[in-house]
Ligand code: NAD
Ligand code: MG
């Protein structure tokens with residue numbers, strides 16, 4: 001059982017999850033105090049002892065000095081580039097400034113740069129790396145739970161367009177991921193909960209035993225238990241790695257990772273991608289909806305949707321539209337946003353639905369009339 005696996009390892013050790021992508025293969029190290037060990041872990045990957053660290057203002061205040069010291073102790077010269085915290089930094093304007101500053105720092109084609117931050121920094125830095133001098137390699141040091149279990153792994157990088165989120169980007173895999181669990185200690189509770197929505201998603205989409213472990217051990221995870229946190233990040237990364245290995249560019253199976261995201265993205269778009277509903281909250285609500293819709297279609301056993309909702313709600317995540325502050329658009333408008341989702345293909349809406357906990361599947365066979373009725377019912 002997953003619990004036995006935890007007991008088998010000393011609580012303070014790091015573990016490694018390999019991502020087997022041939023020429024683009026890399027390791028994810030998960031454990032405490034990895035920032036302090038970054039010099040030893042990063043030095044062998046560098047062509048010369050020079051790098052740039054890209055981070056945001058919040059993370060810089062909390063964690064940058066320790067990373068600089070660790071790299072300095074390994075003889076690596078660093079330039080820190082600090083951008084404002086928040087989604088607005090995933091913009092053409094910030095990308096341009098960042099590229100100029102990387103060039104000013106003397107970053108060459110064979111150098112490797114470091115992204116220290118949440119998904120915003122990882123996506124922005126990864127995309128800058130993908131295009132700087134036609135491509136430099138980069139290292140991810142994810143500092144949010146969401147980034148450790150999701151955005152730092154798999155090679156999707158990018159920025160937002162005025163036309164929508166994540167519409168400009170590139171597939172560019174990192175060469176190393178260091179998921180230092182200690183960094184999560186400074187994360188605001190709301191951000192931790194939001195990342196947890198993605199952790200639960202992995203269990204719900206493909207690993208029932210993991211979901212059952214979460215039902216038992218969620219409280220320990222939230223309380224800061226290091227072995228529980230390492231296990232949750234490990235299982236999440238293993239599943240993401242396995243899916244990405246099979247379908248790096250989302251031709252098929254990778255779409256399963258969008259469980260809760262088609263409903264969720266519509267709500268994020270409707271609420272302006274802001275503080276009203278952050279991504280992980282939208283995913284939790286969208287996941288609850290995906291299970292309710294699956295159950296309504298008779299796809300999953302009675303009680304499944306309630307069990308999923310209870311779990312997410314107990315973690316402090318929203319699971320019903322009534323919990324979203326302010327007005328929401330009506331069902332027709334939400335459906336229209338879902339149709340425009342970038343995952344849509346040939347104008348057809350694709351949904352991730354479930355036959356049970358741990359048994360998600362994708363379908364383009366959606367009765368939009370019926371879906372509209374469901375969304376109407378959800379609003380009441
Ligand atoms: P984020 O990077 O904005 O971080 C959230 C907030 O937490 C920020 O204010 C940040 O400054 C702060 N923060 C980060 N680390 C901290 C720490 N250790 N202590 C205290 N504060 C800390 O947001 P996020 O939730 O990490 O990522 C969201 C972004 O990730 C979105 O832009 C989304 O599109 C993207 N994303 C990408 C992928 C992918 O596959 N590339 C997957 C999922 C999400
Ligand atoms: Mg997500």
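One table, with the values for the structure above:
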{"item": "Filter result (under 22 Å from residue 71 (Cβ atoms), over 10 Å from the mean Cα position of the chain (by Cα) and either assigned to a loop (DSSP other than H, G, I, E, B) or near ligand 1 (Cβ under 8 Å from one of its atoms) (or both)) within the range 126-158", "result": "126, 136, 143"}
{"item": "Test: residue 277 is crowded, with 24+ Cβ neighbours inside 10 Å, outside any helix (DSSP H, G or I) and either away from ligand 2 (no atom under 11 Å from the Cβ) or in contact (Cβ under 8 Å) with a residue 60 or more places away in the chain (or both)", "result": "yes"}
{"item": "Unique match (being over 21 Å from residue 352 (Cβ atoms) and either within 13 Å of ligand 1 (Cβ to nearest atom) or more than 14 Å from the chain's Cα centre (by Cα) (or both)) among 249, 253, 208, 229", "result": "229"}
{"item": "The range 312-327, residues that are part of a loop (DSSP other than H, G, I, E, B) and either within 10 Å of residue 277 (Cα to Cα) or in contact (Cβ under 8 Å) with a residue 24 or more places away in the chain (or both)", "result": "315, 316, 317, 318, 319, 320, 324, 325, 326"}
{"item": "Residue tally, condition more than 16 Å from ligand 2 (Cβ to nearest atom) and in contact with a helix residue (DSSP H, G or I) (Cβ under 6 Å, 6 or more places away or on another chain), over the range 185-214", "result": "5"}
{"item": "Residue in the range 159-195 that is surrounded by the most Cβ atoms within 10 Å (Cβ to Cβ), counting only those that are more than 10 Å from ligand 1 (Cβ to nearest atom) and more than 30 Å from residue 40 (Cα to Cα)", "result": "193"}
{"item": "Test result for residue 41, in a helix (DSSP H, G or I), within 25 Å of residue 236 (Cβ to Cβ), touching a strand residue (DSSP E or B) at 6+ places or on another chain (Cβ under 9 Å) and at pLDDT 95 or above", "result": "yes"}
{"item": "Selection from the range 65-101 of residues that are in contact (Cβ under 8 Å) with a residue 24 or more places away in the chain, within 11 Å of ligand 1 (Cβ to nearest atom) and assigned to a helix (DSSP H, G or I)", "result": "87, 89"}
{"item": "Answer residue from the range 100-154, given it is on the phi > 0 side of the Ramachandran plot and surrounded by fewer than 21 Cβ atoms within 10 Å (Cβ to Cβ) and is farthest from ligand 2 (Cβ to nearest atom) among those", "result": "106"}
{"item": "Test: residue 200 is near ligand 1 (Cβ under 6 Å from one of its atoms) and assigned to a helix (DSSP H, G or I)", "result": "no"}
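Results for (1) touching a helix residue (DSSP H, G or I) at 6+ places or on another chain (Cβ under 7 Å); (2) on the phi > 0 side of the Ramachandran plot, shown as yes or no for each residue.
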{"position": "306", "(1), (2)": "no, no"}
{"position": "310", "(1), (2)": "no, no"}
{"position": "330", "(1), (2)": "no, no"}
{"position": "333", "(1), (2)": "no, no"}
{"position": "336", "(1), (2)": "no, no"}
{"position": "346", "(1), (2)": "no, yes"}
{"position": "352", "(1), (2)": "yes, no"}
{"position": "369", "(1), (2)": "no, no"}
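The values are calculated or read from the model by the stated rules, or taken from the named source; none is laboratory data. Remember, it's a predicted structure, so these values are computed and weren't measured experimentally. Positions of Cβ are backbone-derived with ideal geometry, glycine not excepted, and every protein chain shown enters the neighbour counts.
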